[in-house]
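Q: Sharing a structure below in structure tokens format, with a few things to ask.
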Amino acid sequence: MKRTRRDKDWSAITALGVRMLEAEDERGWLHIFEADILTQFIQERECSPDILARRPALKLALARDARTAGALNAERKFWEELDRRRIHMFEGHLRPYVAAVRKARSGSSASWGDEHALRIECATRHLTPSPLKEYGVRKYVDEAQKGLLESKLIPAEALTWLPNVESYFEWLNK
């Protein structure tokens with residue numbers, strides 16, 4: 001599930017996680033970002049060891065640890081940083097393509113079909129099929145964690161609470 005940088009969206013993500021759990025979809029555990037709701041659900045429902053291993057904040061909620069809210073906040077900041085870096089990465093790959101399209105079109109009024117063919121040709125020459133795969137998921141994740149620490153958005157202890165997000169990118173290897 002895509003995350004967001006908008007505060008107002010996190011309650012919707014939590015609501016989706018709750019609905020998933022209510023529908024017996026254990027992946028819902030990965031999408032609850034409100035400490036009270038998470039603590040309540042984890043006391044009432046069983047969470048598989050696999051899911052617990054993927055998201056350390058669940059273990060804090062299960063133990064009713066007061067740090068649960070901080071862990072969830074750290075996760076949110078982490079997802080926001082990953083999103084910011086992903087968009088920046090894609091924008092960097094987009095610039096040469098946009099410049100090539102502008103240069104190729106300058107002054108021409110091509111048909112829709114010719115315009116489409118031009119864009120396909122520019123995309124083939126200038127766009128990387130998978131910028132994130134080329135960059136490296138591990139490097140991407142490491143840099144996001146480092147950026148959070150350097151910006152002091154999360155304490156160093158919070159790194160141990162962050163989920164293993166590499167599993168979210170397994171599709172890149174297919």
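Q: Across region 75-118, what is the total count of residues that are in contact with a Cys (Cβ under 6 Å, 6 or more places away or on another chain) and not assigned by TED's automatic domain parsing to the domain that holds residue 132?
A: 0
Q: Sticking with this one: Within region 71-83, does at least one residue satisfy the condition of being modelled with pLDDT under 95, assigned to a loop (DSSP other than H, G, I, E, B) and of a type in the set (A, V, I, L, M)?
A: no
Q: Another question, if that's okay. Among the candidates 133, 152, which residue alone is more than 19 Å from the chain's Cα centre (by Cα) and closer than 19 Å to residue 82 by Cβ?
A: Residue meeting the stated conditions: 152.
Q: If you don't mind, there's one more thing I want to ask. Within region 56-70, restricting attention to residues that are in a loop (DSSP other than H, G, I, E, B) and out of contact with any helix residue (DSSP H, G or I) (no Cβ under 6 Å at 6 or more places or on another chain), which residue is surrounded by the most Cβ atoms within 10 Å (Cβ to Cβ)?
A: Taking the candidates together, the pick is 65.
Q: State all residues of region 91-134 that are loosely packed, with under 12 Cβ neighbours inside 10 Å and farther than 30 Å from residue 169 by Cα; if no residue qualifies, say none.
A: 102, 103, 106, 107, 108, 109, 111, 112, 113, 116
Q: Mind checking whether some residue in region 85-102 is of a type outside the set (D, E, K, R) and outside any helix (DSSP H, G or I)?
A: no
Q: Looking at region 99-122, is at least one residue under 27 Å from the mean Cα position of the chain (by Cα), at negative phi and of a type in the set (Phe, Trp, Tyr)?
A: No, region 99-122 contains no residue that is under 27 Å from the mean Cα position of the chain (by Cα), at negative phi and of a type in the set (Phe, Trp, Tyr).
Q: Any residue at all in region 29-41 that is touching a residue at least 40 places away in the same chain (Cβ under 8 Å) and in the same structural domain as residue 142 (by TED's automatic domain parsing)?
A: No: zero hits.
The values are calculated or read from the model by the stated rules, or taken from the named source; none is laboratory data. Model, not experiment: these values are computed from the prediction. When we count neighbours, we look across all protein chains shown, and the Cβ atoms used for this are built from the backbone with ideal geometry, even at glycine.
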